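Since every read-out is calculated from the coordinates, none of them should be taken as a lab result. None of the values given here were measured: they were computed from a predicted structure. When we count neighbours, we look across all protein chains shown, and the Cβ atoms used for this are built from the backbone with ideal geometry, even at glycine.
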Ligand code: CTP
């Protein structure tokens, strides 16, 4: 019996897939089809797969060509499968020519002609209207957003607005997009906006974008007052628009895995969360010179509060701040101490004091440690009483990591709420409340 194996995502099952499977089956007597998991596709940069794994498997089965379906969940698996299933022929479409030649030491490798003019990528683009995104603000983070957005199929950054037309023009030229002097015209040109302007301007821009019926992805901190956050989420619901706070850590695959493990009982009950993020900045930077809204906590507080709020919830009993101020009165180093009924959290951040940027989650039977930069969670360890008992976990975090939040923002615009839990409305409101408390005490 000749055994054949092939692999694919098989998203939005199409004619190209059908023909490939038919010809793969015809190469032998028994066909095994490996279907990729969502996690595996994410790690290899396929972020917008529409169909679930179950649907994709069902569609492969329905073709009638697969004698067996397996799941492909990691790189390197193909070689093991070829040996494990005693495969005679490995086959994939001609878009992969050369890539799998290394398997020819173990079986025959056949690249089948790809069916022309059809692909899942094309169908995904046809199915969903491409979201035209406009950027408000032209600072460093806005510049990072554009190359990341290019990696997410289904969005296209097309416009920029900045009240200073020269800055907008410079930014537009650099990225090949259109600059707008009038915000009304800017709104007409886009479906959604990414707000990366100074913190205190977020509220006004979010409000006007929502009033124009635009979806909003806003950099953290979303707003600096609880009532503003509540009002904006209510407005977003009325306008049937997505309002989404861009704390990139919340959307990166490693951080989601970490939260799942922390809550799974692997370290018992979580009793303490300590998160630290420091980034030394010069005295002349916006972060350390804007008397009203600058300082460490407004700049970095969202990151360090996030794991505490995610693990203990939004209903803290008390939050207290220790603050070290610089000459102009802005906080250069801040610790926010949270007390909960069952534990406590410390959120430490600094622009003028350097410390170890670690995340430490302590539980009744062990702890989880993530070294800097934990806010780009890629690797973490679970420790227990026995120092030799260490479990290691890793996930990919690519480049600036904004692609994960952009992809989740897009899927929410397209009607999927499967990422909503990553940063809920209630969590964003709680963080705005804490920012408000901090500013009230310290300005
Ligand atoms: N395939 C094919 N002809 C097409 C599309 C895909 O023969 N027009 C083959 C691929 O070469 C691969 C298998 O079908 O062997 C599964 O491919 P998959 O990556 O799931 O499909 P694509 O449509 O190429 O998906 P995407 O656009 O997401 O890359």
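In table form, for the structure just shown:
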{"item": "Residues residue 127 and residue 1, FRET efficiency given R0 of 25 Å [Cβ-Cβ distance, rounded to 0.05]", "result": "0.05"}
{"item": "Exposure proxy ranking, count of Cβ atoms within 10 Å, fewest first, for 101, 400", "result": "101, 400"}
{"item": "Using alpha-carbon coordinates, inclination of helix 15-26 to the longest axis of the chain, degrees", "result": "40 degrees"}
{"item": "Paramagnetic reach from residue 181 in the range 132-165 [backbone N under 14 Å; point 7 Å along Cα→Cβ]", "result": "162-165"}
{"item": "Net length gained if the chain between residue 58 and residue 392 were fully extended (0.36 nm per residue, minus Cα distance)", "result": "116.9 nm"}
{"item": "Of every Cα-Cα pair in the range 146-225, the percent that sits beyond 19 Å", "result": "36 percent"}
{"item": "Inter-part distance where the range 15-32 and the range 366-443 are each reduced to a Cα centre, Å", "result": "42 Å"}
{"item": "Tail fraction, Cα-Cα pairs, the range 308-365, threshold 19 Å, whole percent", "result": "39 percent"}
{"item": "Inter-site label distance for residue 325 and residue 44 at 7 Å from Cα along Cβ, in nm", "result": "5.6 nm"}
{"item": "Cα extents of the range 175-317 along the three principal axes, largest first (Å)", "result": "54, 41, 34"}
{"item": "The range 277-309-the range 41-92 distance, computed between alpha-carbon centres (Å)", "result": "45 Å"}
{"item": "Rg followed by Dmax, in Å, when the range 1-124 is reduced to its Cα trace", "result": "13.4, 38"}
{"item": "Alpha-carbon centroid distance for the pair the range 201-251 / the range 148-193, whole angstrom", "result": "18 Å"}
{"item": "Antiparallel bridge percentage (DSSP; both residues within the chain; nearest 5)", "result": "40 percent"}
{"item": "Of every Cα-Cα pair in the range 322-424, the percent that sits beyond 23 Å", "result": "52 percent"}
{"item": "Antiparallel %, DSSP beta bridges [both residues in the range 120-254], to 5", "result": "0 percent"}
{"item": "For the chain, average projected area of the Cα convex hull in nm²", "result": "24.0 nm²"}
{"item": "Within the chain, helix-based [θ] at 222 nm, where runs of 4 or more DSSP H residues each add -39,500 (n - 2.57), nearest 500", "result": "-10500 deg cm²/dmol"}
{"item": "Gaussian network model of the chain, springs between alpha carbon atoms under 10 Å - residue of 234, 201, 285 with greatest fluctuation", "result": "285"}
{"item": "Packing-based exposure ordering (other Cβ within 10 Å, fewest first) of 199, 129, 215", "result": "129, 199, 215"}
{"item": "Contour minus Cα-Cα distance for residue 189 and residue 379 (0.36 nm per residue)", "result": "64.4 nm"}
{"item": "Gain in span if fully extended, residue 264 to residue 317, counting 0.36 nm per residue against the direct Cα distance", "result": "16.7 nm"}
